[in-house]
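**Q** Have a look at the structure that comes next, please.
The values are calculated or read from the model by the stated rules, or taken from the named source; none is laboratory data. The structure displayed is predicted, hence computed values, not measured ones. Only protein heavy atoms, including side chains, enter the accessible area calculation; ligands, DNA and RNA are left aside. Shrake-Rupley method; radii C 1.70, N 1.55, O 1.52, S 1.80 Å.
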Amino acid sequence: MITVYRLAENQLKIENLSLADTLPGDALWLDVVEPDDQERKWLEQYYSAAVPGREALKELESTSRFYQDGDGMHIHSFFPHRQSKDIRLTSVSFNIRPHLLITLRDDDVGLFRLVRHQFKRNKLQVDSPMEIFQELFTAKIDYLADMLEDVYSMLEELSQKTLREDANADERDDILRTITIQEDINDKIRLCLLDTQRSIRYLMRSRSFQLSETHQRNMLNMLRDIESLSPHTQFLFGKMSFLLDAIMGFISHEQNNVNKIFSWIATMFLPPTLIGSIYGMNFKSIPEINWEYGYFFALTLMVLSAVIPYIYFKRKGWL
């Protein structure tokens, strides 16, 4: 899908383009989502170099994610994308030119829909591609902060469940699974923050664009927000490690109790087994073999050999 954002009468006009259309002269932002081969071919007419491919968007080295050529500045940045209950990171290609911003992505990222909705309702006022870029990154940082708050709230809830004395095995399995999911989300948040920080610093170091004082101030504010959020990811990692250690300790304690019971049962039945084995021997010289009360005597020995160890272990505090 190809969408163009035109500046007309100090307002952004949003239009969908077909393959037969050309890019309007007053376009500020060209947004291409999940392009097929024909749409990519249409986009090539506005690139002097090659259009970034799907594999190029996934590369992590700086020279592939941040560079400049005849088309302007290129920045590939991760954006969080929620699918059902899962969080994915989608790499978005930004081509920043003096009078045009081109974005290329393979997923319909929710943050782009949010910014688009704000443009439709005239809640955001922009008049340059750089301002659109800043609005997208500001929305991303705000969303990452909200995600961190959600992770923290979930961990607080898990802490209460973990430390409950009446928590059963099924609940602890659910807690372990949830902690693993939250750890994965926190890891993606941290990666996204670091990538955003690299993108903004690269843009500020670049001499291709003369950033106004307002743009520089906005960039510095975004960097300060990122620097304030990054320690929270470390704190959440520590909290998750504590919860994992705590719940694994509870599980180990329960397993030890179960093993102790099985060990006690084995110890309790070992003497009766020994006695039963002795009286099961086929020897005529066993004294009690012809005794009228020999059977009851053997049963009594079995019971005593089980009860006496139990009483002894109980007094020692081993049970």
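**Q** For a test of the definition: using alpha carbon positions, the gyration tensor, and the 1.5 limit on a/c, classify segment 65-152 as rounded, prolate or oblate.
**A** It comes out oblate by the Cα gyration axes.
**Q** Which entries of Lys123/Lys239; Lys239/Lys314; Lys161/Lys188; Lys41/Lys85 have Cα-Cα distances beyond 32 Å here?
**A** From the list (Lys123/Lys239; Lys239/Lys314; Lys161/Lys188; Lys41/Lys85), the Cα-Cα distance tops 32 Å for Lys123/Lys239; Lys239/Lys314; Lys41/Lys85.
**Q** Non-local amide H neighbours of Asp107 (under 5 Å, H modeled in plane, Pro and chain starts lacking H): which ones?
**A** Glu34
**Q** Moving to a separate point now. Check which residues have an amide H placed less than 5 Å from Trp29's amide H, if you skip close sequence neighbours.
**A** For Trp29, whose amide H was placed from the backbone, the distant partners under 5 Å are Tyr5, Leu101.
**Q** Keeping all protein chains in position, work out how much accessible area Arg217 exposes to a 1.4 Å probe, and write it in Å² to the nearest 10.
**A** Result for Arg217: roughly 120 Å² accessible.
**Q** Oh, and also: Compute, for Tyr143, the solvent-accessible surface of its heavy atoms (probe 1.4 Å) with the complete set of protein chains present, and express it in square angstrom to the nearest 10.
**A** Estimated to the nearest 10 Å², Tyr143 gives 60 Å².
**Q** Under a 5 Å amide H to amide H cut-off, with H placed in plane at 1.01 Å, what residues pair with Arg97 once short-range neighbours are removed?
**A** Those qualifying (amide H under 5 Å, at least 5 residues apart or on another chain) are Ile102.
**Q** Mind checking the log10 I(q)/I(0) for segment 1-157 at q = 0.08, 0.09, 0.10 Å⁻¹? Debye, one equal scatterer per Cα, no solvent, two decimals.
**A** For the requested q values the scattering log ratios are -0.24, -0.31, -0.38.
**Q** Using the Karplus curve 6.51 cos²θ - 1.76 cosθ + 1.60 with θ = phi - 60°, what ³J(HN,Hα) values do you get for each residue of segment 240-246, in whole Hz, with x for Gly and Pro?
**A** Per residue, the Karplus-derived 3J(HN,Hα) values read 5, 4, 5, 5, 5, 5, 5 Hz.
**Q** Contour minus end-to-end for Val307 and Leu270, with contour as 0.36 nm per residue of separation and end-to-end as the Cα-Cα distance?
**A** Additional length available on full extension: 12.1 nm.
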